[in-house]
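Inspection log for the structure reproduced underneath, given as structure tokens.
The values are calculated or read from the model by the stated rules, or taken from the named source; none is laboratory data. Since the model is a prediction, treat every value here as computed from it, not as a measurement. We place every Cβ from the backbone using ideal geometry, glycine too, and count neighbours over all the protein chains shown.
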Amino acid sequence: MLRCDLHTHTSYSDGTKSPQELIKLAQERGIKILGITDHDEIAGIEEAMEFASKVGIKIIPGIELSSIYHDIDVHILGYMIDYKYQELKDFLQYIKDIREKRAYRIVEKLKEFNIHIPLDILKKHAGYGAIGRPHIARAMKELGYINDVSEAFDKYIGYDKPAYVPKFKLSIREAIDLVHKYGGIAILAHPDLIKDRKDEIIQKTLEWKIDGFEIWHPDNEPETREYLLKLAENHHLVLTGGSDFHGENKIGYELGTPVLYCEIKDKEIKVECHD
Ligand code: AMP
Ligand code: ZN
Ligand code: FE
Ligand code: FE
């Protein structure tokens, strides 16, 4: 088995490292198999594949889809998806466009509070990814409208606040189906980050043909791991894991932690934790 980390983000979503920088760090940490799972985005994969092949690291192409179940956020990881397929790229661009329009609606609403955010400042904070509320908050801070990011959420753009606009998200079922449509395996990400109705959601993912659970993740509790291990055994599911590394954007989530090893045959992934 080879050392792996199957859950990482690059600057193509909300990570701070480019695919090349991420791969270099993986190399330093002895990681041989790296899963790249940007939020709703696969644009970094080809670049990563090309660079990784030169340094002897295997990239598992992945994505982390944001989905929703009765207002509860649920993330679905898709591994081994056909990242070169134009139809998939077009669909992800379509989601990004809808989200961008939503961001502009928030910006419009903020004008009612005499908050004016120029487009170039907003885009600078979003970088490559779709514009979201954190970027709007950071732009507000830069422009001196607020003292810190949480103030923007508390006063204006948080859930139920006056400039809030809901975000477009797939349903869990749509996210799982999308992964399957493009040849991937669908994994329920970090189950302990599900804020409400966790058991019900886990049962639903089984009903909707989830392929496995991400059981090794910094936010998973030991009891949940035990429970999911048993469930996976009974339903013959895959178990995966990773650090959810975001570079400097998420402190305490270190590349290569927990220590995982993995074996891959075609589309079969087998992961073990050696911590
Ligand atoms: P969006 O995807 O545009 O709806 O923004 C969601 C992101 O905003 C979350 O992933 C958090 O990072 C951030 N966020 C949500 N609520 C708050 C809050 N109260 N304070 C700071 N950041 C928040
Ligand atoms: Zn993220
Ligand atoms: Fe996530
Ligand atoms: Fe993640």
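Among the conditions (1) assigned to a helix (DSSP H, G or I); (2) hydroxyl-bearing (Ser, Thr, Tyr); (3) not assigned by TED's automatic domain parsing to the domain that holds Phe153, the only one that Tyr104 does not satisfy is (3).
Being modelled with pLDDT under 95 and crowded, with 16+ Cβ neighbours inside 10 Å: is that true of Pro166 here?
Judged against the criteria, Pro166 is not a match.
Any chance the stretch 77-88 includes a residue that's under 30 Å from Glu151 (Cα atoms), surrounded by fewer than 14 Cβ atoms within 10 Å (Cβ to Cβ) and away from ligand 2 (no atom under 16 Å from the Cβ)? Looking through the stretch 77-88, none of the residues is under 30 Å from Glu151 (Cα atoms), surrounded by fewer than 14 Cβ atoms within 10 Å (Cβ to Cβ) and away from ligand 2 (no atom under 16 Å from the Cβ). In this structure, Leu255 does not qualify as farther than 27 Å from Thr16 by Cα, surrounded by 13 or more Cβ atoms within 10 Å (Cβ to Cβ) and away from ligand 1 (no atom under 16 Å from the Cβ).
When the strands (runs of 3 or more DSSP E) confined to the stretch 23-99 are screened for residues that are farther than 21 Å from Arg3 by Cα, those reaching at least 2 such residues are found at 58-69, 72-79. In a residue-by-residue description of the stretch 18-34, the property of being within 16 Å of ligand 3 (Cβ to nearest atom), surrounded by 15 or more Cβ atoms within 10 Å (Cβ to Cβ) and closer than 23 Å to Ala189 by Cα applies to no position. The helices (runs of 4 or more DSSP H) found wholly in the stretch 108-191 and carrying at least 3 residues that are farther than 27 Å from Lys17 by Cα and more than 12 Å from ligand 1 (Cβ to nearest atom) occupy 172-181.
Yes/no matrix, rows are residues, columns are (1) away from ligand 4 (no atom under 16 Å from the Cβ); (2) in contact (Cβ under 8 Å) with a residue 24 or more places away in the chain; (3) assigned by TED's automatic domain parsing to the domain that holds Ala186; (4) within 26 Å of Glu272 (Cβ to Cβ):
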| residue | (1), (2), (3), (4) |
| --- | --- |
| Thr8 | no, yes, yes, yes |
| Ser11 | no, yes, yes, no |
| Thr16 | no, yes, yes, no |
| Leu34 | no, yes, yes, yes |
| His39 | no, yes, yes, no |
| Gly44 | no, yes, yes, no |
| Val74 | no, yes, yes, yes |
| Asp82 | yes, yes, yes, no |
